[in-house]
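The structure appears right after this line, and notes come after that.
The values are calculated or read from the model by the stated rules, or taken from the named source; none is laboratory data. Predicted model, so just to flag it, every value in this text is computed and none were measured. Here the Cβ positions follow ideal geometry from the backbone for every residue, glycine too, while neighbour counts run over all protein chains shown. Accessible surface is based on the protein model in full, side chains and every heavy atom, while ligands, DNA and RNA are left aside. Shrake-Rupley method; radii C 1.70, N 1.55, O 1.52, S 1.80 Å.
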Amino acid sequence: MKAFSNLEVEKRQKIINAAFNEFTEKGYELASTNQIVKNAGIGKGMLFYYFTNKHELFLFLIEYAIEKTEKEFLNKLSDAPDLFERFKNVAIQKLAFLTQYPNAMNFMAKVMINDAEQLDETIKEKIRVLEQKTHQRLYSKIDTDLFREEIDSEKAIKIIQWAFRGYEEEITVRLQNENIDVRNLENYFAEFHEYVGVMKKAFYKGGH
C-alpha cells in the first residue's frame, strides 16, 4: 500500500473515513465501493488503483484501525493507580480519538461480530493482542487499598467493568438513534463523570 500512503493526507483520510462508514453501516457483504468513492469524492478507478478489490480495502482498514487504536488511543491511556481516574482518562482519550477517526472503533467492533469469517488467523491474532493490551492498561496495578475494607475488590472491579461496559453500549445506541456527531459529545462525557462519582461513593473509602 506504499502508493496509497504517498497520497496527500486529506484525500487519503477522506477515502479511509468513507470506507469506514460504509463497512460499519452495511457490513462486508453489502458494502458498496460505488458508495465509498461517491462519499470520498473520487473516481472508482482511483480507488482500484490503490486497492485491487473490496476485500483488500477491507483488510487494509483493519490493519489501519489496529495501528491507529494502539498508537493514538491505547498508548495514551493513564496508568494512574486509581481505577476511576483511568476510566475518566479513557473517556478523554476516546473523545480525542473519535474526533480524529470517527468510525474506527465501531468498525472494529462490527468486524468481530459480523465479519470475522473475512479475517485470516494473523489478523485475528493482532486483534486479540490489542484487546489483551487494552485490558492490561486498564486493570493492571490498580490500588485496591482505595476500596472500602468490607468490599471484595476483585468482585467490585468486575461490577465496575460490567457497569461501564453497559453504559458504553447504551451510549452507542443513543448516538445512533439521535444521529449525534462524535465531535459533540461533551454532554455525554459530563454525564459519564457523574456516574464515575456515584461509583466512587459506592466502592471507595470515604466515598471519594
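Rounded to the nearest 0.05, what FRET efficiency is calculated for Thr99 and Arg165 with R0 set to 25 Å and r the Cβ-Cβ distance?
0.65
Tell me the mean residue ellipticity at 222 nm calculated for the chain from its helices only (DSSP H runs of n ≥ 4, each -39500 (n - 2.57), averaged over every residue, nearest 500).
-24000 deg cm²/dmol
Sorted by average packing, counted as other Cβ atoms within 10 angstrom per residue and highest first, what order do 85-91, 7-13, 103-109, 159-165 take?
My ranking of the peptides, most packed first, is 103-109, 85-91, 159-165, 7-13.
What fraction, in whole percent, of alpha-carbon pairs in the stretch 106-160 exceed 17 Å separation?
54 percent
Quickly rank 148-156, 192-200 as a protection proxy: mean count of other C-beta atoms within 10 Å, highest first.
Going by the mean number of other Cβ atoms within 10 Å, highest first, we get 192-200, 148-156.
Return the carbon/sulfur percentage of the accessible area of the stretch 1-50, one whole number, probe 1.4 Å, all protein chains in place.
On the way: 1370 of 2850 Å².
Heavy-atom surface of the stretch 1-50 belonging to carbon and sulfur, 1.4 Å probe: 48 percent.
Hey, can you grab everything whose amide H is under 5 Å from the amide H of Tyr204? Only 5+ residues off in sequence or another chain; H modelled, so Pro and N-termini drop out.
Close amide H contacts, sequence-distant or interchain: Arg148.
Largest first and in whole Å, what are the equivalent-ellipsoid semi-axes of the stretch 72-135 based on the Cα gyration tensor, each being the root of 5 times an eigenvalue?
In descending order, the three semi-axes are 25, 15, 9 Å.
Counting each pair of different Cα atoms once, what's the Kirkwood radius of the chain in Å, rounded to one decimal?
It works out to 18.9 Å.
Of Lys158/Lys201; Lys110/Lys200; Lys155/Lys205; Lys14/Lys71, which sit over 22 Å apart, Cα to Cα?
Exceeds cut-off: Lys110/Lys200.
By how many nm would the segment from Asp79 to Lys141 grow when fully extended, if each residue of separation counts as 0.36 nm and the alpha-carbon distance is taken off?
21.5 nm
Step through the residues of the stretch 194-201 one at a time and calculate ³J(HN,Hα) from phi using the Karplus curve (6.51 cos²θ - 1.76 cosθ + 1.60, θ = phi - 60°), rounding each to whole Hz and writing x for Gly and Pro.
Couplings: 5, 5, 4, x, 5, 5, 5, 5 Hz.
Which order, highest average first, do 119-129, 92-102 follow once you tally other Cβ atoms within 10 Å for each residue and take the mean per peptide?
Those peptides, ordered most packed to least, come out 92-102, 119-129.
Under a 1.4 Å probe, what is the accessible area of the stretch 49-156 per residue, stated in Å²? Before the final figure, lay out the partial values.
On the way: 5810 Å² over 108 residues.
Ligands and nucleic acids excluded, the figure is 54 Å² per residue.
State log₁₀ I(q)/I(0) for the stretch 1-78 at q = 0.15, 0.16, 0.18 Å⁻¹ as given by the Debye formula over alpha-carbon point scatterers of equal weight, solvent excluded.
Rounded to two decimals, the profile gives -0.52, -0.58, -0.73.
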